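The values are calculated or read from the model by the stated rules, or taken from the named source; none is laboratory data. Since we're looking at a predicted model, the values are computed, not measured. Methodologically, a virtual Cβ is constructed for each residue, glycine included, from the backbone with ideal geometry; neighbour enumeration extends over all protein chains shown. Just so you know, the surface numbers come from the protein's heavy atoms only, side chains and all, with ligands and any DNA or RNA stripped out. Shrake-Rupley method; radii C 1.70, N 1.55, O 1.52, S 1.80 Å.
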2 protein chains.
Amino acid sequence: MLASVTPGAAAAPTSAGSFVAAARPRIILFGDSLTERGFDQPGGWAAYMAANYTRRADVVNRGMSGYNTRWAVQVLPYVFGQPTASAGSGGSGGGAGALAGQVLFATLFFGANDAARKEGPEHSARQHVPVDEYGRNLREMVSYMRATGISRILLLTPPPVWAPGRRKHMLWRVGEASKDWPLDRTQEATQPYARAAAEAAQELGVPCLDLNTLLQQEEDWGERLLCDGLHLTPTGQEKLWSLVREAVWREWPETRPEALKTQFPAWDAIDFADIASSFLPQGEQQGQDGAAKEKAGGKAAAAAAAGVANGAKA
Amino acid sequence: MLASVTPGAAAAPTSAGSFVAAARPRIILFGDSLTERGFDQPGGWAAYMAANYTRRADVVNRGMSGYNTRWAVQVLPYVFGQPTASAGSGGSGGGAGALAGQVLFATLFFGANDAARKEGPEHSARQHVPVDEYGRNLREMVSYMRATGISRILLLTPPPVWAPGRRKHMLWRVGEASKDWPLDRTQEATQPYARAAAEAAQELGVPCLDLNTLLQQEEDWGERLLCDGLHLTPTGQEKLWSLVREAVWREWPETRPEALKTQFPAWDAIDFADIASSFLPQGEQQGQDGAAKEKAGGKAAAAAAAGVANGAKA
């Protein structure tokens, strides 16, 4: 039936449809506006990441502006799917365990809104989450992500707040009337959240990128890296990408782009005399890992096979 | 079982796992290096698109450098899944029809390599595909994409080639020895492919963005928009994004970001007194479209429901 639609297309394995989601690993960026703005141009940190992982992994941005961890726990099932343990109970199609082995790594980057001051303007009082609850929520999120099969999680602490930039931003937004208002965010209020995140990371055994500390070590960090005392300038975005890259590649060298296979062969690695053979899953192509494929079984094997239908022959 | 892992998380619908792939629509960019480099920094056209569609759609880059349409037809099943018609025959999980309704639109952007000159250096002779075959392959790709349920396809013609830039690039890559070599690509050789793409588009009833013609209308297009006589400079990337945006939003106004709902409610639209209720699929949340949900049935309904778990209450 496939042939009638696409006479020239390679015969796809039975479950080829799932390759759309499964064949290329995903990197999931889970966080607040600092993540949501990751594709901002020029030079968002998520865009740098996507460029670095081209043909190797998809960068999936799940940043939600303004969210604190209390609200973020609500979306866990929609972002990460069901825990693997309940695999059997799921209905058809990509339910429980669908993510296992498909997520290369994930970033968990909340706290900037949790740390909004309860004593600040109305919006910050509504975003505020007590630091103890923040720590509990982080633990819950890491547990949940792990339960869905994600083994590599990088926890980031909230960035430092630069009060002069925050004040300037408020004056620009609200006008002169706000010049005596309390700030919605301060570094004093944020620092305990950064410490709580680092403690949670240590307890959970996940690597922590202490952005709060690291950015403050940069020259003119407030003016140069933050555009409103909290969010990143293009230079700040680039700095964040370099810090994330350094942490991820040091922690998990196997996730470096050069350690990953590209999806589909490089054009000059295609066997021009027998084009279709270059696009068969590797097991069928080389007949050497059939046993491994048999053993893994089902969708995972098919996905893995598709993932290695690459330029290994070159 | 879910509750034991995440006491605070919203109870997910049975098939919540599939929401990871399904809840947020996807935009699929299918093409050669001009697409693969779409996340390049600063200012790749895919990155601009991702920034514009933040919280609303995922941009999935399926560009494959150096590919002509002959090789691209091989990867159709892996990029787009199985045609809907064969839904019954698929195995478990996201087989046939998995994409229907999930792809907001797709771009189809090949020809730069098909048009490589057979009389050029070895690499271009190997990439060359006769113009008739190119036209047939485009028709096959559009048919295949439609068969998987994608209704909005934008066809792009290959960009114009700027010979001086191409020559300069060759000298830089190969050295002085190449100064009398034939060029691998020329506008004379490429133009027929652009015409063939436009003709195929008209015949198929899909909109065509005639990049080949449009870029030539720009001032200093060769020097300013192309970095090597073929690929895009940052300015060229930005121009391409503005042209794609204009074509897509004119053709399908319903795909404009402002016409789409964001995934998950805006933070200030959350019902702070009953947080969990804000994250239930809309049917359960408001109890007013239960009938429609029943009718749609199964995974599609669940995905649709998840897609509208947004700030409609605000």
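Between B:Glu199 and A:Ser151, how high is the FRET efficiency from 1/(1 + (r/R0)^6) when r is the Cβ-Cβ distance and R₀ = 51 Å? Nearest 0.05.
0.50
Could you pull the copy-to-copy label distances for A:Asp180, with points set 7 Å along Cα to Cβ, in nm to one decimal and sorted shortest first?
8.5
Ordered shortest first, which distances in nm separate the 7 Å Cα→C-beta label point of B:Ile275 from those of the other copies?
Those separations, rounded to one decimal, come out as 5.5 nm.
How much length is gained on full extension from A:Ala276 to A:Ser242, taking 0.36 nm per residue of separation minus their Cα-Cα distance?
8.3 nm
Rounded to the nearest 100 Å², what is the buried accessible area between B and A, both sides summed, probe 1.4 Å?
The buried area between B and A, both sides summed, comes to about 6700 Å².
For B:Lys261, which inter-copy label distances result when the label point lies 7 Å beyond Cα on the Cα-to-Cβ vector, reported in nm to one decimal and in ascending order?
Distances to the matching label points in the other copies: 4.0 nm.
Give the average, rounded to an integer, of partner chain Cβ atoms located within 10 angstrom of each Cβ in B:138-149.
That average works out to 2.
Any idea which of B:Pro182, B:Tyr144, B:His231 is furthest toward the positive side of the dipole for the stretch B:24-258, if Lys and Arg beta-carbons carry +1 and Asp and Glu beta-carbons -1?
Of B:Pro182, B:Tyr144, B:His231, it is B:Tyr144.
I'd like the mean, over residues of A:257-267, of how many other protein chain beta carbons sit within 10 Å of each residue's own Cβ. Please report the intermediate quantities before stating the final value.
Numbers: counts 0, 0, 0, 0, 0, 2, 5, 9, 5, 4, 12.
Per-residue shielding by partner chains comes out at 3.
Rounded to the nearest 5, what is the percent of antiparallel bridges among the DSSP beta bridges in the stretch B:24-258?
Details: 1 of 18 bridges.
Given both bridge residues lie in the stretch B:24-258, the antiparallel proportion sits at roughly 5 percent.
Could you go through the stretch A:134-151 in sequence order and give the Karplus-derived ³J(HN,Hα) for each residue, using 6.51 cos²θ - 1.76 cosθ + 1.60 with θ = phi - 60°, rounded to whole Hz, and x for Gly and Pro?
4, x, 5, 5, 4, 4, 5, 5, 4, 4, 5, 4, 4, 5, 8, x, 8, 9
Going highest first, how would you order A:181-190, B:166-175, A:200-209, B:50-59 by mean Cβ packing within 10 Å? Don't skip to the answer; put the middle values down first.
Values: A:181-190: 19.3, B:166-175: 14.3, A:200-209: 17.2, B:50-59: 22.3.
Listed from highest to lowest mean packing, they are B:50-59, A:181-190, A:200-209, B:166-175.
Can you run phi through the Karplus equation (6.51, -1.76, 1.60; θ = phi - 60°) for the stretch B:68-78 and list ³J(HN,Hα) in whole Hz, with x for Gly and Pro?
9, 5, 4, 7, 5, 4, 5, 9, 3, x, 7
Can you give the mean number of other chain Cβ atoms that lie within 10 Å of the Cβ atoms in peptide B:35-45?
5
So, taking all protein chains as they sit and a 1.4 Å probe, how much accessible area belongs to B:Lys239, in Å² rounded to tens?
Around 50 Å² of this residue is reachable by solvent.
What are the ³J(HN,Hα) couplings of the stretch B:264-279, residue after residue, when phi is run through the Karplus curve with 6.51, -1.76, 1.60 and θ = phi - 60°? Round to Hz, x for glycine and proline.
Karplus-based 3J(HN,Hα) across the stretch B:264-279 equals 6, x, 4, 4, 8, 9, 6, 7, 5, 7, 8, 3, 4, 5, 5, 10 Hz.
Carbon and sulfur together cover what percent of the accessible area of the stretch B:24-258 at a 1.4 Å probe radius?
48 percent
So what does A:Arg245 come to for accessible area, using a 1.4 Å probe and Å² rounded to 10?
Surface open to solvent at A:Arg245 totals about 80 Å².
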